[in-house]
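Here's the structure we're looking at; comments come further down.
The values are calculated or read from the model by the stated rules, or taken from the named source; none is laboratory data. For clarity, every value in this text was computed on a predicted model and none was experimentally measured. A quick note on method: Cβ atoms are made from the backbone with ideal geometry, for glycine too, and the neighbour counts reach across all protein chains shown. Calculation scope for accessible area: heavy atoms of the full protein, side chains included, ligands and nucleic acids excluded. Shrake-Rupley method; radii C 1.70, N 1.55, O 1.52, S 1.80 Å.
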Amino acid sequence: MNLESMIGTIRPVKLVISISLIVIFYLIARFFGRVLYNELRKRTPENVAKPLYNTIYYTIISIGIIAALETYGINLSSLLVAGGFAGIIVGFASQQVFSNVLSGFFLYVERPFSVGDPIEIEGAGISGVVSDITMLSTRILGWDGVTYRVPNGTLFGSNIKNLSSLVARRVEYLVSIGYGDDIEKAKEVIRNVIEEEPLALVYPSPEVFVEELGDSGVILKVRFWAPTSKWFEAKKKVLERIKVALDEAGIEIPFPQTTVWFRTPLRCLKENH
Amino acid sequence: MVYGSLVNKNQVAIGNVKITAKASGDVIHYKRVRNDKLEKEMLIKAPNLFLVPYPPTILPEKGLYNHLMIELDKELAIYAGLEVNLKIRIPVDLAIIADIRNPHNTIDLFSIDVPKMAVYGKVQEGLLVRYLRTTGREEASTTISLFIKNCWKRAVTFSRIVFASEAFFICFREGSWMSMGPTVKICIKGERNATVEVLPPQCPEGYLLISSSEGKVRSEPYRFEMINGFSKGG
């Protein structure tokens, strides 16, 4: 069909019907899109609401255009077949993208973290504060000052530690003392250090107990709680003070030692000069 | 040492804290030493410096908590329908200020004891609070009037009281250690539920008022539901 014959087949009534269809579908898209967007904005963030709005809006507009073309008897089956093939190719190509979008949606529904939360992704070696969550990825400002972009698909499949979901977080150390040292004295010294630290909470109560009788010494487990936002500060301050306090109290922090036993007595050779 | 002017006094000691404020020309050389270790040193251009009590609502760091928890030295047991009125003394922080009429413009803020915090309730659902234990010492402390009514049908025992830090007011008298804190009214309503009302103290004549909310005195008593458990071990 050439251009002249196509123009020849355009009749005023069909033209009005097709234009009317496009206008009606446009108005429907505008109305439903806007209503849906407003409702979504109440429940979801902008980065979720806007793509959903766009998807609904352009789907309705597309249906309108297809319906308008149908009034001219334009058969869209070949177009749809071509579109289908293209869709399969694009689908394969964008599998990862859709996986990330879907994961982003599920992450939003599940809400394991929010913007501003310090998190740790186990196995990925990434830890920091969530700075942005989009449909495709999440940005994390790492403790080392580097910004990480983590695809939502990766996040969804990982174990995520949210480090700020509770008001307090537990600090734990293993402190080894010599077998000859007084365990009770060591425990008291450590308890005093914790008591002197403002960031170490009174409740839940701190704990110091023998965790293990190790190869080189008695291993004490030290546990106390600190405000989540001050966890790292408390952790680094207290451990250093425990070392100093144990030194001052004359309590040895042992290092691995091995006693070598010889089956036969050693013979010493004496050289005469 | 008492609340009031610091300048032209020798070194003053409160517990293990020593303070010096030496005027040299129109500048004051201020030093705070704890256990012989210098904690703060400043040169201050001001006509005078004053030591005042300060609500225990900021230390160890501003913004970490919004509530206070007082642990009584003895457990209280109250039978159903009965009421107990008692006065307790709790430690307060100390502030150094230049203008006694504007006590919120603090130059230094410190505590005699280590300022401690705790979680009130379970960690999973609890509140971070400033932890205060009743004390017997007169300096750097204030009295709180407690009116506790067991509005419930069963006897209760408890040892901890929680209320909002924004409702903490102190009246103090210059030239003495005398001070009065808020009045706390508690109505125990259930096994793990109590209503707490905090009222500012009625300052007698000659006393100055200092509050945790920058002088804004609430027209209504502060109400707080101790839903995480007021009882022993809460």
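What shape does segment B:65-200 have by the C-alpha gyration tensor, where a ≥ b ≥ c are the square roots of the eigenvalues, rounded means a/c under 1.5, and otherwise prolate means a/b greater than b/c and oblate the rest?
Details: a/c = 2.23, a/b = 1.69, b/c = 1.32.
Prolate, because a/c is 1.5 or more and a/b exceeds b/c.
Cα-based count: Lys pairs in segment A:188-273 below 25 Å, eight or more positions apart or different chains?
Details: A:Lys221/A:Lys230; A:Lys221/A:Lys235; A:Lys221/A:Lys236; A:Lys221/A:Lys237; A:Lys221/A:Lys243; A:Lys230/A:Lys243; A:Lys235/A:Lys243.
Final tally of qualifying lysine pairs is 7.
Toward the positive end of the charge dipole of chain A, about the Cα centre and with charges on Cβ (Lys, Arg +1; Asp, Glu -1), which of A:Tyr173, A:Leu246, A:Tyr58 goes farthest?
Ranked along the dipole, the leading option is A:Tyr58.
Picking from A:Val115, A:Pro206, A:Pro265, whose Cα lies most toward the positive end of the charge dipole for chain A (charges on Cβ: Lys, Arg +1; Asp, Glu -1)?
The residue sitting most towards the positive pole is A:Val115.
With springs connecting C-alpha atoms under 10 Å apart, model chain B as a Gaussian network and identify which of B:Leu76, B:Leu146, B:Leu59 has the largest mean-square fluctuation.
B:Leu76
Note down the nm distance, to one decimal, between modelled labels 7 Å out along Cα→Cβ at A:Glu248 and at B:Asp36.
In this crude label model, A:Glu248 to B:Asp36 measures out at 1.2 nm.
Can you work out the FRET efficiency for the pair A:Arg41 and A:Leu69, with r the C-beta to C-beta distance and R0 = 41 Å, to the nearest 0.05?
The value I calculate is 0.75.
Could you work out how far apart the two model spin labels at B:Leu43 and A:Glu122 are, taking each label as a point 7 Å from the Cα in the direction of the beta carbon, and quote it in nm?
For the pair B:Leu43/A:Glu122, the computed spacing is 5.7 nm.
Along each of its three principal axes, how wide is the spread of alpha-carbon positions in segment B:1-80, in whole angstrom units, largest first?
Result, largest extent first: 65, 27, 25 Å.
With +1 on each Lys and Arg Cβ and -1 on each Asp and Glu Cβ, how big is the dipole of chain B about its Cα centre, in debye rounded to the nearest 20?
I would put it at about 400 debye.
Quick one: with all protein chains in place, what share of the accessible area of the protein assembly as shown is carbon or sulfur, to the nearest percent (1.4 Å probe)?
Values: 16210 of 29040 Å².
Result for the protein assembly as shown: 56 percent of the exposed heavy-atom area is carbon or sulfur.
Let me know the mean shielding of B:103-115 by other chains, meaning the per-residue number of their Cβ atoms within 10 Å of its Cβ.
Working: counts 0, 0, 0, 0, 0, 0, 0, 0, 1, 0, 1, 5, 2.
Taking all residues of B:103-115 together, the mean is 1.
List residues of segment A:237-256, by number, whose backbone nitrogen lies under 15 Å from a label position 7 Å along Cα→C-beta of A:Glu212.
Those under the cut-off are A:254-256.
Under 25 Å between alpha carbons, and skipping anything fewer than 8 positions from B:Lys185 in its own chain: which lysines qualify?
B:Lys74, B:Lys87, B:Lys116, B:Lys122, B:Lys149, B:Lys153, B:Lys216, B:Lys232
Once you average over the residues of B:50-62, how many Cβ atoms of partner chains fall within 10 Å of each Cβ?
So the per-residue partner count for this stretch is 1.
What ranking, highest mean first, results for peptides B:15-21, A:28-34 when packing means the other Cβ atoms within 10 Å averaged over each residue?
Per-residue Cβ counts within 10 Å, averaged per peptide and sorted highest first, yield B:15-21, A:28-34.
From the residues B:Thr106, B:Cys187, B:Met117, which one has its Cα farthest along the dipole of segment B:30-188 in the positive direction, the dipole being from +1 and -1 charges on Cβ of Lys/Arg and Asp/Glu about the Cα centre?
Value: B:Cys187.
Using the heavy atoms of the protein chains and a 1.4 angstrom probe, tell me the accessible area per residue for the protein assembly as shown in square angstrom.
Per-residue value: 57 Å².
If the reach is capped at under 20 angstrom between alpha carbons, list the lysines near A:Lys50, excluding any in the same chain fewer than eight residues apart.
Hits, sequence-local ones excluded: A:Lys42.
On a full-extension model of 0.36 nm per residue, what is the gain between A:Val16 and A:Val97, subtracting their alpha-carbon distance, rounded to one decimal in nm?
Working: separation 81, 0.36 × 81 = 29.16 nm, distance 4.04 nm.
Full extension from A:Val16 to A:Val97 adds 25.1 nm.
Where the only charges are on Cβ atoms (+1 Lys, Arg; -1 Asp, Glu), what is the dipole of segment A:121-273 about its Cα centre, to the nearest 20 debye?
That gives a dipole near 480 debye.
Taking a label point 7 Å from the Cα of B:His29 along the Cα→Cβ vector, which residues of segment B:44-63 have an amide N closer than 15 Å to it?
Residues passing the 15 Å test: B:44-45.
Treating the Cα atoms of segment A:112-162 as identical point scatterers in vacuum, please give the log10 of the normalised Debye intensity I(q)/I(0) at q = 0.13, 0.19 Å⁻¹, two decimals.
-0.22, -0.50
Report the charge-dipole magnitude of the protein assembly as shown in Debye, nearest 20, computed about the Cα centre from +1 at each Lys and Arg Cβ and -1 at each Asp and Glu Cβ.
In total the dipole reaches around 920 debye.
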